[in-house]
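Since the structure comes first, as structure tokens, the remarks are kept for the end.
The values are calculated or read from the model by the stated rules, or taken from the named source; none is laboratory data. Being a predicted model, the structure only gives us computed values, none of them experimental. Reconstructed Cβ throughout: ideal geometry from the backbone, glycine too, with neighbour counts over all protein chains shown.
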């Protein structure tokens with residue numbers, strides 16, 4: 001049987017986050033981030049990878065324009081929410097909330113984004129350069145549709161109730177003036 005210490009060592013869990021900051025992260029910022037993240041038991045922090053300046057960086061709101069995005073991975077030993085880490089980074093980097101995005105690395109949205117980025121599509125070919133595919137489809141309106149509809153109707157067999165020869169009673173067959181709409185008369 002395992003001792004309690006061995007059990008704790010095996011059951012240690014790490015919490016991984018992906019951080020995107022619209023703006024420049026200096027080495028001074030990185031030192032301050034490392035110091036402040038120690039409260040969550042910082043295990044590792046990656047060096048920020050910078051993207052080229054983009055007019056509208058993906059994932060950020062409309063207020064972020066013409067900015068480079070620094071992306072880094074943070075791993076902690078103690079649980080933290082993305083909101084806690086985002087608030088901490090906003091305070092350190094002195095940027096508004098719209099310029100900092102923190103997501104769990106194992107969130108379904110982030111996994112789907114990574115899978116979409118990993119799948120390599122074939123060589124891109126513009127649609128305008130391709131020949132038009134002349135597909136014959138059934139018309140859904142017009143003279144051809146009407147003629148097809150009438151042909152289909154003529155081929156159907158309709159069954160009528162030929163056994164019942166009794167004439168149905170209509171409102172014209174009811175005697176008039178024998179019953180009053182007012183009760184008792």
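Below, the figures for the structure above:
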read-out	value
Any hit, segment 125-138, residues being modelled with pLDDT of 80 or more, assigned to a loop (DSSP other than H, G, I, E, B), out of contact with any helix residue (DSSP H, G or I) (no Cβ under 9 Å at 6 or more places or on another chain) and more than 30 Å from residue 34 (Cα to Cα)	no
Scope segment 49-75; condition modelled with pLDDT of 90 or more and either touching a helix residue (DSSP H, G or I) at 6+ places or on another chain (Cβ under 6 Å) or assigned to a strand (DSSP E or B) (or both); matching residues	49, 50, 69, 70, 71, 72, 73, 74, 75
Any chance residue 80 is at negative phi, surrounded by 12 or more Cβ atoms within 10 Å (Cβ to Cβ), in a loop (DSSP other than H, G, I, E, B) and modelled with pLDDT of 90 or more	yes
Test: residue 52 is closer than 28 Å to residue 12 by Cα, under 28 Å from the mean Cα position of the chain (by Cα) and exposed (fewer than 12 other Cβ atoms within 10 Å of the Cβ)	no
Filtered residues of segment 14-27 (kept if closer than 14 Å to residue 89 by Cβ and without any contact (Cβ under 8 Å) to a residue 12 or more places away in the chain)	26
Qualifying residue in segment 98-106 (condition: modelled with pLDDT under 85, part of a helix (DSSP H, G or I) and within 26 Å of the chain's Cα centre (by Cα))	no
Residue list for segment 85-103, restricted to those being closer than 12 Å to residue 17 by Cβ and in contact with a strand residue (DSSP E or B) (Cβ under 6 Å, 6 or more places away or on another chain)	85, 86, 89, 100, 101, 102, 103
Lone qualifier among 88, 95 - being part of a helix (DSSP H, G or I), over 26 Å from the mean Cα position of the chain (by Cα) and touching a residue at least 12 places away in the same chain (Cβ under 8 Å)	88
Contacts under 7 angstrom Cβ, first residue in segment 41-56 being closer than 18 Å to residue 80 by Cα, partner loosely packed, with under 15 Cβ neighbours inside 10 Å, 6 or more apart	41/77; 41/78; 42/34; 43/14; 43/77; 45/34
Subset of segment 76-89 [touching a helix residue (DSSP H, G or I) at 6+ places or on another chain (Cβ under 6 Å) and closer than 19 Å to residue 31 by Cβ]	76, 88
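This table checks each residue for (1) part of a helix (DSSP H, G or I); (2) surrounded by 12 or more Cβ atoms within 10 Å (Cβ to Cβ); (3) in contact with a helix residue (DSSP H, G or I) (Cβ under 7 Å, 6 or more places away or on another chain); (4) modelled with pLDDT of 90 or more.
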residue: 13; (1), (2), (3), (4): no, no, no, no
residue: 16; (1), (2), (3), (4): no, yes, no, yes
residue: 24; (1), (2), (3), (4): no, yes, no, no
residue: 30; (1), (2), (3), (4): yes, yes, no, yes
residue: 33; (1), (2), (3), (4): yes, yes, yes, yes
residue: 36; (1), (2), (3), (4): yes, yes, yes, yes
residue: 39; (1), (2), (3), (4): yes, yes, no, yes
residue: 47; (1), (2), (3), (4): no, no, no, yes
